[in-house]
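Remarks on the structure that follows.
The values are calculated or read from the model by the stated rules, or taken from the named source; none is laboratory data. Fair warning: this is a prediction, and the values are worked out from it, not measured in the lab. All Cβ positions, even for glycine, are placed from backbone atoms using ideal geometry, and neighbour counts span all protein chains on display.
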């Protein structure tokens, strides 16, 4: 169980059958371990009742339900030409302050909005609303990450045609969000200089899932004796070639570079044919 | 990651799958594949499993068999496949090239379930 929060089930999720094949087999005495060889294909794609005392082979991704919803969202975002950025990091790495500054800078010419996830309080939504952009707070209660259906619910009454750019500020957590696709175009991982140079090595799964990395709070690198080059090198070690932007949302360092990156990614999406 | 949610998703998927047979069948074991890149900790999932299935008519007594899958990288420049014992870098361990493809290790899949007639006791 997630040790960050011990989060539980949310009611009302529909079941999803996804894509799978049934193959009936004659394994009466199934041993106590896994056999990849059970996966051989048979010709009888019988979707009827499985016989008792049989092994039912199923090919199904466990998070298929979320993946399907994320794909649906991605399709809607593509149709309406909305560029979507999922921001992931530890709690306190500076996601909200960077977003507040970014949204304020972009608001004059980019139609930007944000949804922000937290277990409790509307504080982040209040801070982001200062940019003048539409903002929704997702209160996750005990959940330690956002899932696609929570994003879909949060934006259900927004007209996507009125937006160019949507930020999704995930719940601060370096573990749980990695496996949950939200339909985003870009997953951005923040690491603050205060978190230590080895953070990407400690959390390789999230690092590997990121498209871009932001090193935040570089104004604090010197007082906390963070070697920013080493931190950037560790990001590149886990995720070779990842684009890294060094920022201080407080002082303003790197913010223009970060905004240029967003603009160029948005242009690239706008130029790409809609599938 | 979020192992209780994962356990609940497994339960939901299988209960939907077996819905029409729930009165006749009971599951003895559920088999899943968990890759080292999936973000799921097998021990934590094993811990969450009994809580996720406790009141399930079909799965309530099912064992969870977890097949752990190591990361395998195929390096394009040197055309070698390497198995990573731990995930610290996505470079080829032989030539250090970052030009690799993950050919195994990102699995988070249900692979099968062992069923028996409800009228019969556990085997």
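Quick notes
- Only one of the numbered conditions (1) in contact (Cβ under 8 Å) with a residue 40 or more places away in the chain; (2) more than 10 Å from chain B (Cβ to nearest Cβ); (3) not in a strand (DSSP E or B) is not met by residue A:197, and that is (1).
- Scanning region B:77-116 for residues that are within 7 Å of chain A (Cβ to nearest Cβ), over 22 Å from residue A:179 (Cβ atoms) and in a loop (DSSP other than H, G, I, E, B) yields B:91, B:98.
- Condition check for residue B:12 on (1) at the interface with chain A (Cβ under 8 Å from one of its Cβ atoms); (2) crowded, with 20+ Cβ neighbours inside 10 Å: one failure, at (2).
- Region A:101-126, residues that are assigned to a helix (DSSP H, G or I), touching a strand residue (DSSP E or B) at 6+ places or on another chain (Cβ under 9 Å) and in contact (Cβ under 8 Å) with a residue 24 or more places away in the chain: A:102, A:103, A:106, A:124
- Residue in region B:58-70 that is outside any loop (DSSP other than H, G, I, E, B) and at pLDDT below 95 present: no
- Some residue of region B:75-87 being at negative phi, surrounded by 15 or more Cβ atoms within 10 Å (Cβ to Cβ), modelled with pLDDT under 95 and touching a helix residue (DSSP H, G or I) at 6+ places or on another chain (Cβ under 9 Å): yes
- Qualifying residue in region A:8-20 (condition: at pLDDT 85 or above, more than 9 Å from chain B (Cβ to nearest Cβ) and either assigned to a helix (DSSP H, G or I) or farther than 27 Å from residue A:206 by Cα (or both)): no
- Among the residues of region B:15-32, the one identified as closer than 13 Å to residue B:109 by Cα and more than 8 Å from every other protein chain (Cβ to nearest Cβ) is B:30.
- Residue B:46 being modelled with pLDDT of 95 or more, out of contact with any helix residue (DSSP H, G or I) (no Cβ under 8 Å at 6 or more places or on another chain) and assigned to a helix (DSSP H, G or I): yes
- Pairs with Cβ under 6 Å, 6+ apart, first in region B:93-107 and within 10 Å of residue B:76 (Cα to Cα), second assigned to a loop (DSSP other than H, G, I, E, B): B:97/B:77; B:98/A:240; B:98/A:241; B:98/B:91; B:99/B:76; B:99/B:77; B:100/B:92
- Checking each residue in region A:215-241 for being outside any helix (DSSP H, G or I), within 14 Å of chain B (Cβ to nearest Cβ) and surrounded by 13 or more Cβ atoms within 10 Å (Cβ to Cβ) picks out A:239, A:240.
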